[in-house]
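*Asks:* One structure, as C-alpha cells, below. Some questions next.
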Amino acid sequence: MTPTPTTVPADSHERGSVDLAHCDEGALLGILDEVERRHGFIPRDVSDQLARLIEMRLEKIRRIQGKLDSTLRRDVLRHVDAWRGEEGNLIMILHAIQNEYGYVPREAAMELSRELGVKLARIYEVLTFYHYFKLQPPGNHTVVVCNGTACYLKGAADLIHEVQSRLGVGEGETTQDREFHFDVVRCIGCCGMSPAVVVDGKTHGRVKSSDISGLLDAAKKTGGRA
Ligand code: FES
C-alpha cells in the first residue's frame, strides 16, 4: 500500500506544502521550529502527521533490527555449539565473538547468557576483567603508544598527550567517527627503538611528538579495517 504523502501546511502560503515523508530528521526539526515560531505551538494536525511518519520509520528500523538480531543470534549459536559442554567455554566463546565482530556486542552477551544459562553480570565480570575484550566497536585505525619503562624514559608521556589532544579521546577510547581507537600498553618488546608507537599493526620507533600528526594522516589515507 502506498502511504499517503504526509504534508505540513504551516508555511504553505509562502513555500507550498512540505512533504514530510521526504524530509530527513534535521529538516523535520527545522520545520517544527518554524511551525512553533509562527504559531507559538505545534498544531494537532501537524503533530498527528508527524506521529504517523515516525511510526512508519520506526517500523522500518524494527524490521532492519530484526534481521540483524537473527544474524547475531545465529553467529552466537554457532560459537556456542562449537564449545558446548567444554570446560571454560565461556571465555573461548567470548574470544570467538570478539574475533568475529572486533568487540563483544551487548546483544551477543545477552544471547550468550540465555544460551549458556550464565548470568549476564557474570559475563560482564569476565569481559571487564580481561583488558583484551572490547565492549565498543573498534576504530577503523588503531594507535597504540608504548608506555613501558624504556619508552616512558624516552618521552612516551608526550606522545600520549599528543595523540590524545589530536584525536580528542582518552586511553582505551575510540573517536566518535570511529576512525581511530587509542590504546596505551606496557612494553611491546622493541625497547631498542623507544619510544615506540604502533599504528594499524606497524611499529614506529624513536617517535617524536611532531611525528604524530603525520602518522595519523598516513593511517587515514589507508583503508584501515575492512
Ligand atoms: S618499553 Fe616500549 S618497547 Fe619496551
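*Asks:* Enumerate the aspartates and glutamates that residue 220 could reach by cross-link, defined here as Cα to Cα under 14 Å, with residues fewer than 8 away along the same chain left out.
*Replies:* Leaving aside aspartates and glutamates fewer than 8 places away in the same chain, those within reach of residue 220 are 177, 179, 200.
*Asks:* Across 10 Å bins from 0, what is the distribution of all Cα-Cα pair distances for the chain, in whole percents?
*Replies:* 7, 22, 18, 19, 20, 10, 4, 0
*Asks:* Further, regarding this structure: Does the stretch 105-226 classify as rounded, prolate or oblate by the C-alpha gyration tensor (a ≥ b ≥ c root eigenvalues; a/c under 1.5 gives rounded; else a/b over b/c gives prolate, otherwise oblate)?
*Replies:* Because a/c hits 1.5 or more and a/b exceeds b/c, the stretch 105-226 counts as prolate.
*Asks:* Next question, about the same structure. With loop defined by DSSP as not H, G, I, E or B, and exposure as at most 11 other Cβ atoms within 10 Å, which is the longest segment of the chain clear of exposed GluC sites (Glu not before Pro)?
*Replies:* Excluding the exposed sites themselves, the longest stretch runs over 88-226.
*Asks:* Something else about it: What does the charge dipole of the chain about its Cα centre add up to, to the nearest 20 debye, if the Cβ of each Lys and Arg holds +1 and the Cβ of each Asp and Glu holds -1?
*Replies:* 600 debye
*Asks:* When the helix-only estimate is applied to the chain (DSSP H runs of n ≥ 4, each -39,500 (n - 2.57), divided by the residue count), what is the mean residue ellipticity at 222 nm, nearest 500 deg cm²/dmol?
*Replies:* Rounded to the nearest 500, it is -17000 deg cm²/dmol.
*Asks:* A further question on this structure: Within the stretch 185-226, which trypsin sites (Lys or Arg not before Pro) sit in a loop by DSSP and count at most 10 neighbouring Cβ atoms inside 10 Å?
*Replies:* Taking the stretch 185-226 and a limit of 10 other Cβ atoms within 10 Å, the loop trypsin sites (Lys or Arg not before Pro) found are 186.
*Asks:* Let me ask something additional. Any chance you could list the semi-axes, whole Å, largest first, of the equivalent ellipsoid that the Cα gyration tensor gives for the stretch 67-129, using √(5λ)?
*Replies:* Taking √(5λ) for each Cα gyration eigenvalue gives 16, 13, 11 Å.
*Asks:* The stretch 62-131: which trypsin sites (Lys or Arg not before Pro) are DSSP loop and have at most 16 other beta-carbon atoms within 10 angstrom?
*Replies:* Counting only loop positions with at most 16 other Cβ atoms within 10 Å, the trypsin sites (Lys or Arg not before Pro) in the stretch 62-131 are 84, 119.
*Asks:* What chymotrypsin sites (Phe, Trp or Tyr not before Pro) does the stretch 10-114 have in DSSP loop regions with at most 10 other beta carbons within 10 Å?
*Replies:* 41
Quick note: the coordinates plus some simple rules give every number you see, no bench work behind them. Remember, predicted model here, so these are calculated numbers, not experimental data. With ideal geometry, Cβ positions are generated from the backbone for all residues, glycine too; neighbour counts draw on all protein chains shown.
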